[in-house]
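Here's the structure we're looking at; comments come further down.
The values are calculated or read from the model by the stated rules, or taken from the named source; none is laboratory data. It should be emphasised that the depicted structure is a prediction, and the values quoted were computed from it without experimental measurement. Cβ sites come from the backbone with ideal geometry, for glycine too, and all protein chains shown count toward neighbours.
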Ligand SMILES: CC(C)(COP(=O)(O)OP(=O)(O)OC[C@H]1O[C@@H](n2cnc3c(N)ncnc32)[C@H](O)[C@@H]1OP(=O)(O)O)[C@@H](O)C(=O)NCCC(=O)NCCS
């Protein structure tokens, strides 16, 4: 099993850096979960902020790769200072290391700095507990699940950030 050290979250602001995020999405959505390749990116991406978690990876044969992308998150800005959190993914061999919570923490710090007072997301229903542990709630009127890409989802919120 690969081993990861020096986990670092990078705000992807330089041209081309967003490919780090897309490579994680490809690994998780396409190679692991079997979604179509055209689901990796969408027309919203170019208007969003993106982050990637990178780490130094020690392979089973002892070789080390530096700065390997292992996680990602995306921010879409909505009207009235509301932020939409999305496209959270951590590659399977790096799960359980709290990379997801780290990405969300950095995301929230950025939202607070920018004055976004509310965050919402459409979570895969089976991941609801992951977000609830981080303070996201399903509000009244949002208890009904809905389908996105054929998978049940639920909407969660975090308010009063600033
Ligand atoms: C969901 C995901 C981002 C979690 O990232 P991660 O870095 O592996 O998170 P961790 O497992 O370290 O979890 C942090 C905490 O959340 C908990 N958790 C993880 N998945 C959970 C779930 N489905 N329900 C409830 N709690 C969950 C962990 O037990 C852990 O709890 P702890 O802090 O008490 O130990 C990752 O599993 C993933 O990328 N999955 C595939 C893609 C996906 O489903 N994305 C989310 C779409 S909404």
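Quick check: anything in the range 32-54 in contact with a strand residue (DSSP E or B) (Cβ under 6 Å, 6 or more places away or on another chain), within 10 Å of the ligand (Cβ to nearest atom) and within 20 Å of residue 11 (Cα to Cα)? Spell out the reasoning first.
Start the filter on the range 32-54 by keeping residues that are in contact with a strand residue (DSSP E or B) (Cβ under 6 Å, 6 or more places away or on another chain), which leaves 44, 48-54.
If we keep only those that are within 10 Å of the ligand (Cβ to nearest atom) too, we end up with 53.
Applying the additional criterion that residues be within 20 Å of residue 11 (Cα to Cα) yields 53.
Yes, some residue in the range 32-54 is in contact with a strand residue (DSSP E or B) (Cβ under 6 Å, 6 or more places away or on another chain), within 10 Å of the ligand (Cβ to nearest atom) and within 20 Å of residue 11 (Cα to Cα).
Name the pairs whose Cβ atoms lie under 8 Å apart, with the first residue in the range 95-124 and closer than 30 Å to residue 1 by Cα, the second at pLDDT below 95 and crowded, with 18+ Cβ neighbours inside 10 Å, and 6 or more positions between them or separate chains?
Sorted first by the residue in the range 95-124, then by its partner, the list stays empty.
Could you please find all residues in the range 58-97 being within 11 Å of the ligand (Cβ to nearest atom), surrounded by fewer than 21 Cβ atoms within 10 Å (Cβ to Cβ) and within 12 Å of the chain's Cα centre (by Cα)?
Listed by number, the list holds a single entry, 86.
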